[in-house]
Structure formats: C-alpha cells, structure tokens
There are 2 protein chains.
Amino acid sequence: MKYRLLSPGPTPVPERVLLAMAQPMLHHRTPAFEKVFEECRVGLQWLYQTKNDVLMLASSGTGAFESAIASFLSPTDTVVAVTNGKFGERWAKMAKAYGCNVVEVKTEWGKTTPVADIKAALDKNPGAKALFIVASESSTGVRQPVEEAAKLVKGKDTLLFVDAITALGVWSIPTDELGIDVLVTGSQKALMLPPGLAFLSVSDKAWKAMETAKNPRFYFDLRRERDNQKKNQTAFTPAVSLVIGLAESLKMMKEEGLQNVFARHERMARATRAAVQALGMGVFAETPAQSITSVAVPSGCDGEAIYKALRDKYNMTIAGGQDHVKGKIFRIAHLGYYDDLDILTVTAAVEMACADLKYPVELGKGVAAAQRVLLERP
Amino acid sequence: MKYRLLSPGPTPVPERVLLAMAQPMLHHRTPAFEKVFEECRVGLQWLYQTKNDVLMLASSGTGAFESAIASFLSPTDTVVAVTNGKFGERWAKMAKAYGCNVVEVKTEWGKTTPVADIKAALDKNPGAKALFIVASESSTGVRQPVEEAAKLVKGKDTLLFVDAITALGVWSIPTDELGIDVLVTGSQKALMLPPGLAFLSVSDKAWKAMETAKNPRFYFDLRRERDNQKKNQTAFTPAVSLVIGLAESLKMMKEEGLQNVFARHERMARATRAAVQALGMGVFAETPAQSITSVAVPSGCDGEAIYKALRDKYNMTIAGGQDHVKGKIFRIAHLGYYDDLDILTVTAAVEMACADLKYPVELGKGVAAAQRVLLERP
C-alpha cells in the first residue's frame with residue numbers, strides 16, 4: 001500500500017517544494033539567499049495580513065511560542081491562558097516554567113471556551129501582561145473565538161498571543177485588523193513544508209513591552225532576530241533548505257489566491273464532516289476548525305482501533321485521540337496540500353477499516369456524502 | 001560560473017542526502033520514522049565515541065548550546081568561559097543572559113589559549129559549575145586544547161561543555177575517554193546536512209547536575225527530550241526531512257570509516273595550508289584546526305577583497321574575516337563533503353582572484369604545492 005499522510009502536521013509536501021529543497025546547498029550570507037529570504041518575509045506578511053514584522057526561527061512552533069514568552073514577559077507576570085486541549089495546556093505550562101503567574105480559563109476538551117469566561121478572567125486580572133489563546137486546538141479540532149478575544153484586550157496593555165499553528169493559511173486571520181500582538185505558526189501545517197521552521201508576527205505594542213521584559217533569552221531573543229531579519233539575515237544559521245522551500249510554497253499559495261486557499265479548506269472540512277456523519281459518527285468539536293475533523297466514534301467502537309487499522313492495513317497516518325480522549329475520537333486533517341480526491345480516499349479507507357473491525361458502517365455511504373458536498377461547485 | 005560552497009557551514013550536501021530528503025513527507029509518530037531515528041541515535045553515539053545519550057534538537061548549534069545552559073545551570077552559577085574568537089564570546093554572552101557569573105579566560109584572536117590560563121581560572125574559581133571551551137574556533141581557525149582542558153576538570157564537580165560544532169567528525173574527539181559532559185555539534189558541518197538540526201551528548205554527571213539546576217526551560221528541556229528520545233520520539237515535532245538526511249549522511253560516514261574521515265580532513269587541511277603558504281600568505285591560527293584554514297593576507301592585500309572577488313567573479317562562497325580581523329584574513333573551509341580536486345579548485349580560484357586584484361601571486365604555484373601534498377598518498 002502506498003504511504004498516505006493525513007495528520008495535522010507534518011502535512012504532505014508538494015513535489016515542487018520537495019524539488020526546490022533538493023537543490024545543492026546555498027550559503028546564507030549571500031545575495032542569492034537574501035533575495036529568497038526577502039521573498040519569504042514579504043510573502044509571510046501577505047499570509048498574515050499584517051504590516052508587522054514576521055520573524056522566522058529554526059525551531060518547531062513550540063520554540064516560536066517560547067520566543068514570545070522569553071522576549072515579551074518577565075517572571076511573576078500574570079498571564080491569562082485559555083485552555084481546552086493539549087496545546088492550550090502546553091502554553092500554560094511553558095509560562096509557568098518561566099515563573100509566570102498563570103490564570104487558566106479551562107473548558108472541557110471538545111467544547112469552545114465561552115467568551116464570557118475569558119472576559120471574567122481578564123476583569124479579575126486587569127494587570128495581566130498577556131492573554132494566550134489557541135485559534136485551532138488540534139487535539140480536539142475546536143476553533144476558538146479569537147476575534148472576540150481580540151476585542152476584549154483592544155486598547156489595553158494586555159498582549160494577545162495567538163497560537164495559529166494549525167489555523168494560519170486555513171481561514172482568514174487578519175492580524176492587523178484584529179490587533180493580534182503575536183501570531184505563531186509552524187512550517188509543517190498549511191504552509192506545506194517539512195517541520196523545522198516556525199514563524200511569529202510581532203506588533204509595536206509587543207516590541208514596546210520587550211523594553212522592560214526580563215525573562216532570560218538568547219537563541220530566542222526576538223529583538224536580535226528583528227535587527228538581523230530586516231537585513232534579510234538571521235541571528236543564527238537559518239534552516240536554509242526549508243527557507244528555500246518556503247519561498248516555493250508561498251508562491252503556490254499566491255498562485256491559488258488567499259481567498260481560494262481559505263475556500264478550499266472550508267470545502268475539505270465540510271466534505272469530511274458530511275462523510276463521517278453519514279457513517280453514523282459525530283463531530284467532536286463544538287465549533288469545528290476547518291483544519292481538522294475530530295471524529296467522535298459511537299459507543300462500541302474504538303477510535304484508536306480505527307487509527308491503528310488505517311496505519312497497519314492501509315499505510316495511512318491520520319491522528320488518534322490524545323490523553324483522556326484516546327479511543328473516543330480519531331482525527332482527520334485537511335490542512336495544507338489536499339484535494340477533493342484525498343478526502344474521498346481517506347473516507348473510503350475509514351469505511352474499509354470499520355468493515356475490518358466489524359463496526360456497523362454501510363460501505364460507500366460516507367464517500368457518497370462527501371461526493372455530494374464536493375459536487376456543489378462554487 | 002557554477003556555484004561552489006567552501007564555507008565553515010553550511011557545507012555542501014551530498015547528492016545521496018539531498019535525494020533522501022526529497023522523499024515524500026513521513027509522519028514522525030510512525031514505526032518507519034522511529035526506525036530512522038534509532039539509526040541516527042546509534043550512529044551519533046558512534047560518531048561521538050560515547051555511551052552517553054546524544055540528543056537531537058530542531059535548532060541551530062547555538063540552540064543546542066543554550067539547551068545545556070538552560071538545563072544544567074542556574075542563575076548566579078559561576079562559569080569559566082574560554083574565549084579567543086567569536087564563538088567562545090557567544091557562549092560567554094549566553095551564560096550572562098541567563099544570569100551566570102562568567103569568568104572569561106581571554107586570549108587574542110588567532111592564538112591558542114594556554115592551558116595554564118585555564119588552570120589558573122579554575123583554581124581561582126573552584127566552585128565553577130561549568131567550563132566552556134570551543135574545540136574549533138571557526139572565526140579564526142584555531143584548534144583549542146580540549147584534551148588538556150578535560151584533564152583539568154576530571155574528578156571535579158565542574159561540568160565540561162565543548163562546542164565541537166566545526167570539530168566533531170573532523171578529528172577524533174572521544175567523548176567518553178576525555179570525560180566530556182556536553183559536546184555540541186550542528187547538522188550543517190562535518191555531518192554534511194542542511195542547517196536546522198543540532199546535537200549534544202550528555203554525561204551522567206550533567207544529568208545529576210540537572211536535578212538542582214534552576215534556569216527556566218521548556219523547548220530546551222533536555223530531560224524531557226531524553227525521556228522521549230529513548231523511545232525514538234522527540235518532545236516536539238522533529239525536523240523530519242533533516243533526520244532522514246542524517247541517517248543517510250551517517251551511513252556515508254560509516255562506509256568511509258571514522259579513521260578515514262579524520263585522515264581525509266587532515267589531508268585537505270595540509271594541502272590547503274601548503275597552497276596558501278606557497279602563495280606567500282600565512283596561516284592565521286597558532287594551532288590550526290583541520291576543519292578550516294584561516295589565511296592571513298600579506299600587508300598590502302585585503303582579505304575582504306579576495307572574499308568578494310571569489311563571490312562576485314567566481315560564484316564561490318568562502319568566508320571572510322569577522323569583527324576586528326575583517327580584511328586581515330579570509331577562511332577556506334574543508335570540513336564535510338570535499339575531495340582533493342575541490343581543494344585544487346579553490347586554490348586556483350584564489351590565485352585568479354589575486355591576479356584580478358593585481359596582488360603579487362605566481363599563478364599555479366599554490367595549486368602545485370597542494371598537488372604535491374595530495375600526491376603523498378598513504
């Protein structure tokens with residue numbers, strides 16, 4: 001069986017990007033590389049819908065989020081962290097590791113955080129230095145109310161840090177219009193690259209906060225990066241081949257057009273949801289993100305068994321459930337380099353896996369439901 | 001003119017490695033990736049000549065050095081940092097950024113740090129938590145006395161951190177035999193990969209120190225990495241394509257044999273030095289490293305002009321001089337994927353550039369000197 005990848009990261013890398021990255025190594029202190037870097041900088045600002053600096057780091061997305069904590073916060077700062085899944089919890093833990101006083105706004109996994117809960121926490125902690133929110137909580141497939149959260153901190157000193165690792169390039173997140181101070185993403189998601197690069201935008205408000213922020217930093221010192229990246233260089237050796245790949249993937253996204261990129265993701269998401277519902281399964285997320293569909297399996301079915309059957313019998317990587325939702329859900333990603341037929345393929349494979357497991361599904365029914373959605377062409 | 005790369009990093013990536021990395025993306029939570037990861041782990045221990053854990057991070061070498069400072073040290077710890085060039089100075093600055101009390105053992109750029117100076121600093125600071133030393137100071141081409149430094153801390157509580165970024169895989173650095181606690185390297189050097197991965201070995205003594213070390217850490221939390229990497233996973237998404245490339249480059253090094261890898265570097269270094277000396281130039285480093293030749297230009301010549309002529313007329317990247325030795329030296333790297341004819345090519349190009357600049361060199365004289373060395377076959 002051919003290998004097929006439908007996980008929320010890494011996502012498949014287009015052949016054009018693979019070939020671009022397979023070119024002989026280029027030194028980064030050269031006009032040729034600086035040209036590529038500048039293309040990437042401008043392209044990222046386009047994708048972020050921002051005039052802010054968008055910086056690039058050789059790290060995973062976790063490293064980029066850490067660079068914001070290290071650069072813009074101080075030990076003992078109060079931070080309001082919105083958590084309803086594994087990634088929100090990670091940022092809360094990270095801020096604690098730096099000595100911050102973390103106020104968690106906790107919501108059950110799979111549910112959307114009520115805006116009123118975020119407001120209450122901010123009202124109780126008017127001195128909060130930052131609000132953390134995850135746009136697309138990959139562990140559950142929930143889309144969080146970033147737009148409303150942005151309104152809550154508008155005009156205040158509180159910085160808004162948004163984890164958009166599986167959201168940027170999936171739906172429109174207009175950084176400047178919303179007033180997002182820090183928006184983090186990673187290369188191996190909608191940007192269709194291998195893992196190893198991470199990105200974040202930084203507002204003037206965040207740069208101002210850095211003047212008094214005291215957390216220790218060196219590799220993740222964003223001021224140093226800004227000063228270098230303005231000149232199309234990086235403070236430390238960049239992941240050259242990935243940067244070259246990025247220029248190519250941004251070119252692909254521009255060719256498609258930003259609105260079309262968003263529409264494609266929305267279409268993939270709708271088809272996937274129709275498919276799993278036709279198979280008698282549920283959508284786990286209260287407000288689902290267009291990047292990933294978390295499928296709630298009916299009682300008597302084991303989501304982990306479906307995940308494993310796809311892995312072992314069909315050589316396909318989707319995602320299982322993590323922590324306490326293990327077995328209760330499985331997750332199909334559709335962010336990045338996917339098309340209509342990929343969705344039909346994964347749906348057909350899920351049907352086959354269910355048949356193998358003797359779960360009660362009608363073969364072809366999920367595929368047909370997805371097909372009907374996909375035939376509603378714009 | 002074809003592009004040619006002879007810098008101390010990134011270094012050229014062999015075609016076999018480029019092709020391995022150009023394969024379709026693979027998910028990291030799969031048995032297939034875990035097998036590759038395990039091959040890398042075992043291969044790195046072979047290259048490091050160690051039974052210690054060798055950990056892998058998605059970062060540049062600077063990030064790996066920081067992970068050691070973040071994981072094994074506390075603010076206010078005293079650290080003895082040996083500095084005689086840009087990289088030694090970087091680690092001193094980094095430790096200061098974390099609040100450490102840094103005692104610098106400073107030596108002039110190009111000179112080798114006298115072991116007696118290191119001993120004196122350690123004697124004066126018996127409570128020093130760590131000694132930092134750069135095996136190959138890329139900014140000057142100096143090879144530092146790591147073996148003697150290791151003897152000075154043997155049996156003491158002081159941890160030995162070695163920056164072997166342009167040394168590991170160039171000459172023999174037997175980690176366990178020397179008792180090195182932390183040995184850092186990067187992917188884009190002798191390992192013949194693109195930048196984006198970094199590695200470090202960790203001794204039991206360092207792990208013990210971590211139990212009480214208080215610096216903040218999350219992305220660079222090495223205990224978390226150890227616990228994951230034992231199971232052939234990483235704490236955060238790994239740079240998958242680079243890891244796949246690493247398995248291939250380690251395979252190439254094993255095919256060649258470790259002693260042959262070292263002998264090759266020694267041979268390249270000797271030929272390069274003979275070449276530049278025949279051209280009336282000097283070797284800048286008092287004790288030159290086999291990874292890079294820093295060439296001291298005669299008075300009346302501008303090293304920066306030679307660097308730029310190679311760049312602009314011959315499409316070749318070597319390295320210029322940094323900071324206060326800019327203009328006084330240029331640097332030819334020969335670590336990683338180079339062979340005899342590459343050395344003759346760069347020598348010939350230097351001769352051409354000097355002729356272009358009307359510097360007094362006899363065409364072919366450097367090439368002939370290098371040829372004579374290369375013809376002394378073992």
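Per-structure values
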| read-out | value |
| --- | --- |
| Unique residue being out of contact with any strand residue (DSSP E or B) (no Cβ under 7 Å at 6 or more places or on another chain), hydrophobic (A, V, I, L, M, F, W, C) and surrounded by 17 or more Cβ atoms within 10 Å (Cβ to Cβ) when the list is B:Ile292, B:Ile244 | B:Ile244 |
| Filter result for B:Val261 (touching a strand residue (DSSP E or B) at 6+ places or on another chain (Cβ under 9 Å), of a type in the set (A, V, I, L, M) and assigned to a helix (DSSP H, G or I)) | no |
| Every residue from the stretch A:104-133 that is over 23 Å from the mean Cα position of the chain (by Cα) and surrounded by 15 or more Cβ atoms within 10 Å (Cβ to Cβ) | A:Lys119, A:Ala121, A:Leu122, A:Asn125, A:Ala128, A:Lys129 |
| Single condition B:Ser299 does not satisfy, out of (1) under 25 Å from B:Gly186 (Cβ atoms); (2) modelled with pLDDT under 95 | (1) |
| Members of the stretch A:325-376 found to be aliphatic (A, V, I, L, M) and in a strand (DSSP E or B), listed by number | A:Ile329, A:Ile332, A:Ala333 |
| Only listed residue being buried (at least 22 other Cβ atoms within 10 Å of the Cβ), among the aliphatic types (A, V, I, L, M), touching a strand residue (DSSP E or B) at 6+ places or on another chain (Cβ under 7 Å) and within 26 Å of A:Gly321 (Cα to Cα), chosen from A:Leu168, A:Leu160 | A:Leu168 |
| Looking only at the stretch B:218-233, and only at residues there that are surrounded by fewer than 22 Cβ atoms within 10 Å (Cβ to Cβ) and not in a helix (DSSP H, G or I), the one that is nearest to the chain's Cα centre (by Cα) | B:Asp221 |
| One residue from B:Gly364, B:Gly327, B:Gly320 being touching a Phe, Trp or Tyr at 6+ places or on another chain (Cβ under 7 Å) and of a type outside the set (A, V, I, L, M) | B:Gly320 |
| Count - residues of the stretch A:77-103 that are away from chain B (no Cβ under 12 Å) and among the hydroxyl-bearing types (Ser, Thr, Tyr) | 2 |
| From the options A:Leu57, A:Leu44, A:Leu5, residue that is at pLDDT 95 or above, of a type in the set (A, V, I, L, M, F, W, C) and crowded, with 24+ Cβ neighbours inside 10 Å | A:Leu57 |
| When residues of the stretch B:176-217 are limited to those that are surrounded by fewer than 24 Cβ atoms within 10 Å (Cβ to Cβ) and among the hydroxyl-bearing types (Ser, Thr, Tyr), the one nearest to the other protein chains (Cβ to nearest Cβ) | B:Thr212 |
| Selection count where residues are exposed (fewer than 15 other Cβ atoms within 10 Å of the Cβ) and more than 19 Å from B:Glu15 (Cβ to Cβ), scope the stretch B:247-262 | 4 |
| Of all residues in the stretch A:19-76 being of a type in the set (Ser, Thr, Tyr) and facing chain B (nearest Cβ under 8 Å), the one that is farthest from A:Glu211 (Cα to Cα) | A:Thr30 |
| Where a residue in the stretch B:313-335 is surrounded by fewer than 20 Cβ atoms within 10 Å (Cβ to Cβ) and its partner, wherever it lies, is hydroxyl-bearing (Ser, Thr, Tyr) and part of a loop (DSSP other than H, G, I, E, B), with Cβ under 7 Å and at least six apart | B:Asn315/B:Tyr3; B:Gln322/B:Ser139 |
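The values are calculated or read from the model by the stated rules, or taken from the named source; none is laboratory data. Because the structure is predicted, anything quoted here is derived from the model rather than measured. Every residue, glycine among them, receives a Cβ derived from its backbone with ideal geometry; neighbour counts consider all protein chains shown.
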